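The values are calculated or read from the model by the stated rules, or taken from the named source; none is laboratory data. Owing to the predicted nature of the structure, the values given are computational and were not obtained by experimental measurement. We place every Cβ from the backbone using ideal geometry, glycine too, and count neighbours over all the protein chains shown.
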Amino acid sequence: MSEMQSRVATADGPPDGPAKPVNKGGDLTQIQIIWRRFRRHRAAMISLVLLGLIVAFAFLGPLVWPWGYTVDSDIPSNAGPSLEHPFGTTKQGTDVFAQTMRGAQQSLKVALTVAIVSTVVGATWGAVAGYYRGRTDAIMMRIADIFLIIPLIVAVASINGAVRGGTTWYAVALIMCLFSWATVARVVRGVVLSLREQEFIEAARAAGARATRIIFRHLLPNAAGPIIVAATLLIAVAVLTEAGLSFIGFGIQPPDISLGKMVESARTAAFTRPWLFYPPGVLIVLICLTINFIGDGLRDALDPRQTMVRR
Amino acid sequence: MTTTENINDGATATVDTDIVLDVQDLNVTFSSEDGPLRAVRGVSYRVRRGEALGIVGESGSGKSVTSMAIMGLLPKTAKVSGSARVLGQEVIGLNDAQISKVRGDKIAMIFQDPLTSLNPVYTIGYQIAEAVLTHRKVTKQQARARAVELLDKVGIPHPDRRVDQYPHELSGGMRQRVVIAIAMANDPDVIIADEPTTALDVTVQAQVLEALETARKETGAALVLITHDLGVVAGHVDRVAVMYAGRLVETGTVEDVFYRPRMPYALGLLGSLPRMDEARSEKLTPILGTPPSLLDLPAGCGFAPRCPMAQDVCFTTEPALEAAVDGDDPDPFRRHTAACHFGEQLVDARPEDLFQATAPAAETAAGPDGTGGAEAAGHGGERTDAAPPEVLLSAVDLVKNFPIRSKGILRRKIGEVQAVSGISLELREHETLALVGESGCGKSTTARLLLQLIRQTSGEVTYMGQPLHSLSDAQMRPLRRDLQLVFQDPFASLDPRMTVSDIVAEPMQIHGRGKGAKQRVKELLELVGLNPEHGSRYPHEFSGGQRQRIGIARALSLNPKVLILDEPVSALDVSIQAGVINLLEDLQDELGLSYLFVSHDLSVVRHIADRVAVMYLGKIVETGTTEELFSAPAHPYTQALISAIPLPDPVKERTRERIVVTGDVPSPADPPSGCRFRTRCPKFANDLSDEQRNLCVEEPPDLLDRGTGHRDACHYSQVVELI
Amino acid sequence: MLVYTARRLAVAIPVLLAASVLVFLMVDLSGDPLSDLRMQQPPPSEEVIAAAEARYYLDRSIPERYWLWMTGIGGNGDIGLLQGQFGPSVRGGAFDIGEELSDSIYVTIRLVTAAIIAALGLAVLSGVVSAMRQYSKLDYTLTFIGFLALAMPTFWLGALIKEGGLWFNQTTGTGFFFTIGANSARVSNMTGWEYFLDSAGHLVLPTITLMLTSFAAWSRYQRTSMLEVLNSDYVRLARAKGVPNRVVVRRHALRTALIPLVTVATIGVVGIIEGVVITETIFQWRGLGYFFIEAVKAQDAFAIMSWLMLSGTLVVLANLVADILYGVLDPRIRYE
């Protein structure tokens, strides 16, 4: 009890009784408050800028770059870095810089699809299970468990490897969704289980609200923090999985290219032709690192318990 | 206990061996992203050997931070300056090794929440022995023997068995006694108890306070008792210090502070306290506003913005803590002091002279048609008098058993918690019925059953003659307009992601009345005393009291006839609580509402209710009009409850007669046979013969009028006057 | 306790069965194991294809095939999980799935054990240090390392480590790092001690590769749970008793904060299995990961299914062990 009130007493200190204005700067929306908190997380802000640059590189880069990612007879074979080909060229005669852009684009497309689809499906699944509890919950979560038993990369490889003759990025993405929604469901269910015990949910029920209203108006918006964090983590996992999949020979197939495939073909070149080895690897690290830092920043910004005393 | 013989020492000696704790100009500042937060400012006090000092204040006043600073338990980010001497030794600024030698040996501390204070993975014996072994060169066997001895002293039965149990196997009251035993372990010179009973039920609170007294006697330690509860202070300390906004604002003997306060804040606190020993006709006098933000303290007196007698000087100059008019003790630390420019104006002032109730005190408290008295006569069973008001909501033989299920997919039923076991009650038009009991007695479950938020195992609920228990959720929905709920926790009961307007308008939207909602929200906010322009804000921008008002506005949005109030003020500070109570009373008069008021606080109940029903372990043990119940309680449990509520009046509190119960509430999964209260009943234990006891063991007593004018459920009920 | 374990196993079995259906459908529907045969030039005769279909039970309906795969009833004696038969391999009769699988387990288990121990040890150390020096430079550094490790693609780092080892060997002219396989080729004429050293040497680089992700996740977890405990009321009470900080951290904080980590680490087996596939590919270990990739490449349906069932069983068992460990370590949880 005292902890709760001291938070009020030490916060902006709105007076009781006939209310007087609380914050002088006018009303802040939730999003403005979250953004203000997020901006204070330096690593997350740097990451956001960096990730923006990577996205621009992946999606806008190919529009202006003279070379394509496929084999081109105008491209010399096995050339070192030059102004024309900053990351050199491959033996087959492709421009590694263009390939990196294409690979990053494919990675991001897969990752975003996985994150969005899995989050929507998983959050709904978890919220329904957590809201109804009891047997419904037990059965729904056992179903989710089945998809969690098989490691993601292995599951995707089993399906993927069997499909010969070129797998497209969205096929890879959809198969990954099948095995990753359950992690989100598990997280959201946990949050909803504790949220639904809160009095504002009971208040809605006492007012006569139906289950759909409670789940979509009250439970999911309040679980937004953990959901968004889970989604960002999922992006990173998806990038790594897709790349790993390509590395072991499955996933996106030639003539298309992915970052994992590039690492695979340059795997012995780390010390001999580093310009082939480092760009795709560093790019994967950068994408995942920035996403994780952004997730961390969002977690802090969205956590209602986050106090002002930090450092 | 008193220290009169030491007056001369105090006046002359500078190094006084009798002073065990000497705090001088203590300041604590936390750094926060909004700037420095000055939690404690210039606090000085002295505690003598064996003395008990009470530190009183509302949450955020800095009372806990002060003691944590003395113990060196604040996080490193806190800046502490000033001095605190324990037996002459400076403890501020010591390193970990040095302060560790003092802590637990010379100065011990007891914390608020016994459920989290003990490490779950070690036995209680280990945790007590650890305190001994840390400071004494003894063997493990000796430390364990000491642990058993201490457990016995704090009143834990079978200490030799309990010593090997883990904390989760003990009740909250038991665990707090273990914490007290740990504090006693090395016979400290000072024990600081930080809200030691706030998390406990009243009957258990009385037991734990008793254990604390034992600890004092056994160790001869001085006690610093930190609490927000003026009643606890009145009965257990010699001197009081009142804290406000990080400063001490008044100090003196309990009698000085309670009977002759010289600081308007102290006077206001006393006025905003509902009292069990006073009739309800008097309106409470809340202190308007909230304490200032510690980030942005006013230049002058911290209380000036809320003070009705503030003058210009109060806003510019902060008053020093100076001797009040009646201060004559030669030792400045023992005088009655107050930090107020105009303290002398308060001589003989009463709270209502200074503070005003929020609305003109209309004398309608007993109900518009004088049901206060009519009910008393009419409720014995034979309703003969002129037509009593219509029954709105009634329950007959309501039973709710919660299944205890196994984990896993099968979720087999492995037991039952009998939360509510056959409750019948009636709520009439325009009356307030209070449902009183300690935690776990089933009062909140009953409230939810009445609203059909959970479904009963058996029994009937009717609203205006219409049975609710057989309705489907869809059929129930239109009826929810008339029956609304207000919650205990103002922080959890409002959706943090919705604006206040949306929150208040939600019930209207659900019931298809979204059209005029905007205008209605403004009216409602105004009605509950909030600025209607603030609808676009989010709940976190409001204080606890304001949030509770928002919750009330939401409940009122559909023009209900019945409000079920589940502990609506128990999470609020005293000065805020009074305002909400007054609001509820005004709304009832204005809108003709009926209240079912669920509460554990008999003082509030006495103030607000027309009729009271006391619950224990799922059953009503006594019911009657408020007047009957408080003046002539017949059931031993009611008597014990009334006895356990501390009165904020030092003389009354120390001299009153008490009926004390022992032990903890049995598990509702396995309630005792016959009378459920018999395992804790003082009458059963002390007064009854074996033959008489048989009846208690075998026969559950019915709720009958046994010649007292109201109904009770005790085979041997007998009226005792306690107030 | 025993009863609880038995009951938990009883719940695990339907989950495993459901997983087996999923695994079967996944593998069975995703491709035709005989596609290579059908593509052959010149096209093989109808009879050859029909014989192959019969040999691999492709002439039966899907439910029949699943039933066969589980029970083996009505098969040729080479199929039926419940009879300990894993089914015929498309890679020919000489390739016995069960035998190959058990050989692989023996190779992999060493790597997994070493990685788990290394990851746990480092995670506890780094988590505790981070929590105790919260918001210090050290904390930020460790946090950044953790984030970096989480973002690191195992295969890329593995390749880098391997090439680094090779480069080191080359420039120094020694064979200091072993970069290929689980043991040297001449393993048969080694003494016990030499064999141990050889195995340990081969473990170094793959272990570093494999443990990294788990280490990162677990150290973050340990930091959080340690911070939570350090801010708990009972740690505060222990300090108030006069117990010196050092002892409080060890006796009260670490002891309690380890409980959740143990369970998280146990469940973390899933992540390790993923890592094994990639690590073994890079360092050319003939373990479970290698087995799996070869099976997928050969579209050896029964081999893939067997592998997935094995990993599924491991995961289910790990969850069970985690639950039981929790009960053993935390006195608040007692199973009837």
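Values for this structure:
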{"read-out": "Among residues of region B:532-549, those that are in contact (Cβ under 8 Å) with a residue 60 or more places away in the chain and more than 9 Å from every other protein chain (Cβ to nearest Cβ), counted", "value": "1"}
{"read-out": "Qualifying position, being within 11 Å of chain A (Cβ to nearest Cβ), farther than 26 Å from A:PRO221 by Cα and in contact (Cβ under 8 Å) with a residue 24 or more places away in the chain, among B:LEU483, B:LEU558, B:LEU525, B:LEU565", "value": "B:LEU483"}
{"read-out": "Looking only at region B:113-124, and only at residues there that are free of Cβ contacts under 8 Å to residues at least 60 places away in the same chain and crowded, with 23+ Cβ neighbours inside 10 Å, the one that is farthest from the other protein chains (Cβ to nearest Cβ)", "value": "B:ILE124"}
{"read-out": "Region B:212-222, residues that are touching a Gly at 6+ places or on another chain (Cβ under 9 Å) and surrounded by fewer than 23 Cβ atoms within 10 Å (Cβ to Cβ)", "value": "B:THR214, B:ARG216, B:GLY220"}
{"read-out": "Single residue of C:ALA257, C:ALA265 found to be touching a residue at least 12 places away in the same chain (Cβ under 8 Å), within 14 Å of chain B (Cβ to nearest Cβ), of a type in the set (Gly, Ala, Ser) and out of contact with any Gly (no Cβ under 6 Å at 6 or more places or on another chain)", "value": "C:ALA257"}
{"read-out": "Enumeration of residues in region B:201-231 that are within 13 Å of another protein chain (Cβ to nearest Cβ) and farther than 22 Å from B:GLU657 by Cα", "value": "B:ILE226, B:THR227, B:HIS228"}
{"read-out": "Subset of region B:53-82 that is touching a strand residue (DSSP E or B) at 6+ places or on another chain (Cβ under 9 Å) and over 28 Å from B:GLU213 (Cα atoms) - its residue that is farthest from the other protein chains (Cβ to nearest Cβ)", "value": "B:GLY82"}
{"read-out": "Which listed residue is in a helix (DSSP H, G or I), modelled with pLDDT of 85 or more, surrounded by 21 or more Cβ atoms within 10 Å (Cβ to Cβ) and at the interface with chain C (Cβ under 10 Å from one of its Cβ atoms), from A:VAL192, A:VAL188, A:VAL237", "value": "A:VAL237"}
{"read-out": "Some residue of region B:107-118 being touching an Asp or Glu at 6+ places or on another chain (Cβ under 6 Å), of a type outside the set (A, V, I, L, M) and more than 13 Å from C:ARG236 (Cβ to Cβ)", "value": "no"}
{"read-out": "In region B:451-475, the residues that are at the interface with chain A (Cβ under 8 Å from one of its Cβ atoms) and either modelled with pLDDT under 90 or over 35 Å from the mean Cα position of the chain (by Cα) (or both)", "value": "none"}
{"read-out": "Filtered residues of region B:28-37 (kept if buried (at least 17 other Cβ atoms within 10 Å of the Cβ) and either more than 10 Å from chain A (Cβ to nearest Cβ) or of a type in the set (Phe, Trp, Tyr) (or both))", "value": "B:VAL28, B:THR29, B:PHE30"}
{"read-out": "Candidate set from region C:298-336 (those that are without any contact (Cβ under 8 Å) to a residue 40 or more places away in the chain and over 20 Å from the mean Cα position of the chain (by Cα)); member that is farthest from the other protein chains (Cβ to nearest Cβ)", "value": "C:VAL328"}
{"read-out": "Cβ-Cβ under 7 Å pairs, at least 6 apart or on other chains, region C:148-168 side closer than 13 Å to C:THR207 by Cβ and more than 8 Å from every other protein chain (Cβ to nearest Cβ), far side of a type in the set (Phe, Trp, Tyr) and surrounded by fewer than 20 Cβ atoms within 10 Å (Cβ to Cβ)", "value": "C:GLY165/C:PHE177"}
{"read-out": "Some residue of region C:28-35 being modelled with pLDDT of 80 or more, at negative phi and out of contact with any Gly (no Cβ under 9 Å at 6 or more places or on another chain)", "value": "no"}
{"read-out": "Residues that are of a type in the set (D, E, K, R) and within 17 Å of B:ARG103 (Cα to Cα), drawn from region B:186-215", "value": "B:ASP187, B:ASP189, B:ASP194"}
{"read-out": "Complete set of residues in region B:158-181 that are part of a loop (DSSP other than H, G, I, E, B), in contact (Cβ under 8 Å) with a residue 40 or more places away in the chain, more than 20 Å from the chain's Cα centre (by Cα) and surrounded by fewer than 21 Cβ atoms within 10 Å (Cβ to Cβ)", "value": "B:ASP164, B:GLN165, B:TYR166, B:LEU170"}
{"read-out": "Selection status of C:GLY175, part of a helix (DSSP H, G or I), surrounded by fewer than 15 Cβ atoms within 10 Å (Cβ to Cβ), small (Gly, Ala, Ser) and away from every other protein chain (no Cβ under 13 Å)", "value": "no"}
{"read-out": "Single match in A:GLY260, A:GLY225 (criterion: in a helix (DSSP H, G or I), touching an Asp or Glu at 6+ places or on another chain (Cβ under 8 Å) and away from chain C (no Cβ under 14 Å))", "value": "A:GLY225"}
{"read-out": "Breaking point among (1) more than 19 Å from B:LEU584 (Cα to Cα); (2) touching a residue at least 12 places away in the same chain (Cβ under 8 Å); (3) more than 9 Å from every other protein chain (Cβ to nearest Cβ), for B:GLY516", "value": "(2)"}
{"read-out": "Those helices (runs of 4 or more DSSP H) lying entirely in region B:529-646 with at least 2 residues within 25 Å of B:ILE423 (Cβ to Cβ) and acidic (Asp, Glu)", "value": "B:626-631"}
{"read-out": "Selection status of A:PHE250, part of a loop (DSSP other than H, G, I, E, B), among the aromatic types (Phe, Trp, Tyr) and touching a Ser or Thr at 6+ places or on another chain (Cβ under 9 Å)", "value": "yes"}
{"read-out": "Those helices (runs of 4 or more DSSP H) lying entirely in region C:1-75 with at least 2 residues within 14 Å of chain A (Cβ to nearest Cβ) and in contact with a helix residue (DSSP H, G or I) (Cβ under 6 Å, 6 or more places away or on another chain)", "value": "C:2-30"}
{"read-out": "Hits in region B:284-297 - residues which are under 18 Å from B:GLY545 (Cα atoms) and either in contact (Cβ under 8 Å) with a residue 12 or more places away in the chain or more than 7 Å from every other protein chain (Cβ to nearest Cβ) (or both)", "value": "B:LEU284, B:THR285, B:PRO286, B:ILE287, B:LEU288, B:GLY289, B:THR290, B:PRO291, B:PRO292"}
{"read-out": "Residue that is nearest to the chain's Cα centre (by Cα), among those in region B:487-509 that are in contact (Cβ under 8 Å) with a residue 12 or more places away in the chain and under 12 Å from B:LEU558 (Cβ atoms)", "value": "B:VAL504"}
{"read-out": "Among the candidates B:TYR259, B:TYR265, B:TYR244, residue that is under 27 Å from B:VAL651 (Cβ atoms), surrounded by fewer than 24 Cβ atoms within 10 Å (Cβ to Cβ) and among the aromatic types (Phe, Trp, Tyr)", "value": "B:TYR259"}
{"read-out": "Test: C:SER225 is among the polar types (S, T, N, Q) and closer than 24 Å to C:GLY268 by Cβ", "value": "yes"}
